[in-house]
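K.L.:
Input: one structure, supplied below.
The values are calculated or read from the model by the stated rules, or taken from the named source; none is laboratory data. Predicted, not measured: the structure shown is a model, and the values here were computed from it. Cβ: placed from backbone, ideal geometry, glycine included. Neighbour counts: every protein chain shown. Calculation scope for accessible area: heavy atoms of the full protein, side chains included, ligands and nucleic acids excluded. Shrake-Rupley method; radii C 1.70, N 1.55, O 1.52, S 1.80 Å.
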Amino acid sequence: MADNDARAETELHQQRLGRITFRAWRRGFREADLVLGPFMEREGPTLSDADLDALEVLLAEDNDHDLYAWIIETRPTPPEHDTPLMTKLRVFMRAHVATAVAEGAG
């Protein structure tokens, strides 16, 4: 019985990751897509439930330009989004952009 519960929990977690990854890649603002999509693909499986909760709240924001500006720190991040997840996104974005530039992008 415990194996079935664990398996069901794992399947639900994988479905959640899939939904969040889909939403991360399809924000509608390409710059945000290029940070959030790769972030979920590379870091998503290691995120805690609290991080995933914070990410779902962040992805519920309507204004992609604001969301992107918070990640790149050109606008102040509202307190409700100034979370450990936002720190992880910023670290990832810096590394991701630096890697893309080193490979010839931009």
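K.L.:
Extending each Cα 7 Å along its Cβ direction at residue 15 and residue 31, get the distance between those two points in nm, one decimal.
P.N.:
If labels sit at residue 15 and residue 31, their model points lie 3.6 nm apart.
K.L.:
Let me spell out the model: positive unit charges on the Cβ of Lys and Arg, negative unit charges on the Cβ of Asp and Glu, origin at the Cα centre of the chain. What dipole size does that give, in debye rounded to 20? Let's see the in-between values first.
P.N.:
Details: 12 positive and 20 negative charges, 80 e Å.
Charge dipole, the chain, about its Cα centre: 380 debye, nearest 20.
K.L.:
Which whole-number percent gives the relative contact order of region 1-96, counting Cα pairs below 8 Å spaced six or more residues apart? The partial results should precede the final answer.
P.N.:
On the way: 60 pairs, mean separation 25.8, N = 96.
It comes to 27 percent, rounded to a whole number.
K.L.:
Something else: Using a 1.4 Å probe, what is the accessible area per residue for the chain, in Å²? Display every interim value, and only then the final one.
P.N.:
Values: 6530 Å² over 106 residues.
Averaged over the residues of the chain, the accessible area is 62 Å².
K.L.:
Considering the values [x] 13, 39, 28, 14, 5, 1; [y] 14, 46, 28, 10, 3, 0; [z] 14, 37, 19, 11, 10, 7, 3, 0, which represents P(r) over Cα pairs in 10 Å bins from 0, in percent as calculated for the structure under consideration?
P.N.:
Matching the structure shown: [y].
K.L.:
What residues have an amide H closer than 5 Å to that of residue 61, excluding those fewer than 5 places away on the same chain, when H is modeled at 1.01 Å from N in the peptide plane?
P.N.:
Those lying under 5 Å, H to H, from residue 61: there are none.
K.L.:
Another question, then. Round to a whole number: what % of the accessible area of the chain belongs to carbon and sulfur, probe 1.4 Å?
P.N.:
Details: 3510 of 6530 Å².
C and S fraction of accessible area: 54 percent.
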